[in-house]
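Taking it in order: structure first as structure tokens, then the write-up.
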Amino acid sequence: MIVPVGEDAAAGDPHQELHDRLVEAGLLFSTPVQGLYGRSETYQGVVRAIDAMVHRWALELAATTIHVPPVIARSTFDATNYLQSFPDLMGSVHIFRGTDREHAELVRRVEAGGDWQALLEPGEVVLSSAACHALYPMIGGRLPAGGRVFEVSGLCFRHEPSTDPARMQSFGMHEVVFVGDPDGAQRHRDRGLEVALGLLGDLGLEAEPVPANDPFFGRLGTALATSQLEEELKLEAVTPIFAGRDRTAIVSGNCHRDHFAQPFGIESDTGEPAHSACVAFGVDRITIALFARHGLEPASWPDEVTAALFP
Ligand code: ATP
Ligand code: ZN
Ligand code: MG
């Protein structure tokens, strides 16, 4: 018997297997690039419902809502020191600003299959790696007593191509962010993660908080990851998606200390450097987890889950 290549590839690989089921069900549309998908209306309806759940919580906190673009100012990117820690994940936007003659050369190279990218230059934006990065330069100066809460959502990019449908290159992130004094930031992170676990429970997803670290790059990064873990600056809500594999982080709660507030001159009401903390919902990941947990047809999901999602 001749086994078609597609089926063979999925055999024994749970990531590929779920990927193939989502694509065959018409929920995701694959592209020539791993981790880059079109979404069906059914899929996106679930994303919107999760966004609405997070929004309802943000309203309780009197958050200011900001929908951010998928790109951020290069100056913002530089100020967040992202390159020092995660050079392998970032993506930069390049643009053409040449003359007529250079355009002719550009076209010649495209048609010859040559290196036309060499004629581009960095644009004033880079792809956004986390929704909350766009926020900090939008907050000017001194904060009111008690700090402020923001709800920030948008598409993020990370260069981490994978057969795992829960690890995309372009994915939605919806964050609830506190900026203010250090205690307030810690409380927001801790309380926010509890709220998140409650919401995930309402969706029928078993999730547990575990200390985590960001994937800091290189040898120097190992020390950064260790101290982040030891100080419990990052907690992730993890849920089983693939039997026998590591659980998947679907929400993270992060204490940034003054990492973001300091470069943007954000101060607490007393004039101290502000602290920030975010609770970041991976809305695509939660959606994938729901399809993996409850099946590929939302119409047949348990009533409690449907009621929580579509109140
Ligand atoms: P992981 O450890 O799985 O790489 P992370 O620590 O990089 O996750 P965060 O930086 O905390 O994740 O991002 C916040 C949330 O965004 C994560 O909890 C997850 O739900 C989601 N997320 C992160 N990376 C991806 C991705 N490549 N595809 C889809 N969702 C993602
Ligand atoms: Zn964040
Ligand atoms: Mg990651």
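The values are calculated or read from the model by the stated rules, or taken from the named source; none is laboratory data. For clarity, every value in this text was computed on a predicted model and none was experimentally measured. Please note: Cβ atoms are built from the backbone with ideal geometry, for glycine as well, and neighbour counts cover all protein chains shown. With ligands, DNA and RNA removed, areas are computed over all heavy atoms of the protein, side chains included. Shrake-Rupley method; radii C 1.70, N 1.55, O 1.52, S 1.80 Å.
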Identify the GluC sites (Glu not before Pro) of region 143-232 meeting these criteria: DSSP loop state and at most 16 other C-beta atoms within 10 Å of the C-beta.
Glu206, Glu231, Glu232
Val210-His67 pseudo-label distance in nm [points 7 Å out on the Cα-to-Cβ vector]
3.5 nm
Within the set of other residues whose C-beta is less than 13 Å from the C-beta of Gly26, count the net charge using Lys and Arg as +1 and Asp and Glu as -1.
-2
Treating only Lys and Arg (+1) and Asp and Glu (-1) as charged, each at its beta carbon, one finds that the chain has a dipole about its Cα centre, in Debye to the nearest 20, of 460 debye
Trypsin sites (Lys or Arg not before Pro) within region 70-137: which are DSSP loop residues with at most 15 other Cβ atoms inside 10 Å?
Arg97
Tell me the accessible surface of Ser162 in square angstrom (1.4 angstrom probe, heavy atoms of protein chains only), to the nearest ten.
20 Å²
Once the Cα atoms of region 58-191 are picked out, what are the Rg and Dmax in Å?
19.2, 62
Just to confirm the filter: which trypsin sites (Lys or Arg not before Pro) across region 216-311 are DSSP coil and have at most 12 other Cβ within 10 angstrom of their Cβ?
Arg245
